[in-house]
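Novice: Below is one structure. I have some questions about it.
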Amino acid sequence: MPGPLNAPRRSKRKTVGAMRHRLVLQRADETVRDEFKQVAPYWIEVAPVWAAVEPVRADEVPVSGQVQADATHRVALRYRADVSAKNRFLWLTNGNRVLNVVAVLPTVGDASALELLCVCEETAT
């Protein structure tokens, strides 16, 4: 029986063919302020990456009287030291979607890979 989503996993090396999704790694720029001197949401592109993206859960959650879809994905990519829970990805090969990084999952036995738990959100065009 598989463990919880954030449990250490023995990494299964992803083949090049599995990393077929084009993502753009972004980081928040917290120096941009709005007219009220609050940090404005502004994202800077860090690098384009190829990754394997697989859905692990999908929910519909009632929010303010409306149903909002919440999909959680596991993202595997080559190791990068600059990826943390403060990042997000633009999912270029699957429409207008943003994958917000929730957690960097520990991998056992493979220092060349990185596994992330992300929450998918649909964006307007």
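Novice: Modelled with pLDDT under 80 and surrounded by 15 or more Cβ atoms within 10 Å (Cβ to Cβ): does that describe A51?
Specialist: No.
Novice: Limited to the range 16-46, what total is found for residues that are surrounded by 12 or more Cβ atoms within 10 Å (Cβ to Cβ), under 19 Å from S84 (Cα atoms) and under 15 Å from the mean Cα position of the chain (by Cα)?
Specialist: Just the residues of the range 16-46 that are surrounded by 12 or more Cβ atoms within 10 Å (Cβ to Cβ), to begin with: 18-29, 32, 39-40, 42-43, 46.
Filter again for under 19 Å from S84 (Cα atoms), leaving 22-29, 42-43, 46.
Filter once more, keeping what is under 15 Å from the mean Cα position of the chain (by Cα): 22-28, 43, 46.
Qualifying residue count for the region: 9.
Novice: If V75 satisfies every condition in (1) over 10 Å from the mean Cα position of the chain (by Cα); (2) within 12 Å of L116 (Cα to Cα) but one, which is the exception?
Specialist: Tallying (1) over 10 Å from the mean Cα position of the chain (by Cα); (2) within 12 Å of L116 (Cα to Cα), V75 fails exactly one: (1).
Novice: Does R88 satisfy the condition of being out of contact with any helix residue (DSSP H, G or I) (no Cβ under 6 Å at 6 or more places or on another chain), free of Cβ contacts under 8 Å to residues at least 40 places away in the same chain and either farther than 12 Å from L23 by Cβ or not hydroxyl-bearing (S, T, Y) (or both)? Quick ask: steps written out before the conclusion?
Specialist: Numbers: out of contact with any helix residue (DSSP H, G or I) (no Cβ under 6 Å at 6 or more places or on another chain): yes; free of Cβ contacts under 8 Å to residues at least 40 places away in the same chain: no; either farther than 12 Å from L23 by Cβ or not hydroxyl-bearing (S, T, Y) (or both): yes.
No.
Novice: Under the condition of being assigned to a strand (DSSP E or B) and modelled with pLDDT of 90 or more, which residue from the range 56-85 is surrounded by the fewest Cβ atoms within 10 Å (Cβ to Cβ)?
Specialist: To start, the set of residues in the range 56-85 that are assigned to a strand (DSSP E or B) comprises 56-63, 66-78.
Checking the rest, the ones that are also modelled with pLDDT of 90 or more come to 73-78.
Working: H73: 22, R74: 17, V75: 23, A76: 21, L77: 21, R78: 12.
The selected residue is R78.
The values are calculated or read from the model by the stated rules, or taken from the named source; none is laboratory data. What you see is a predicted model; the values in this text were computed from it and never measured. When we count neighbours, we look across all protein chains shown, and the Cβ atoms used for this are built from the backbone with ideal geometry, even at glycine.
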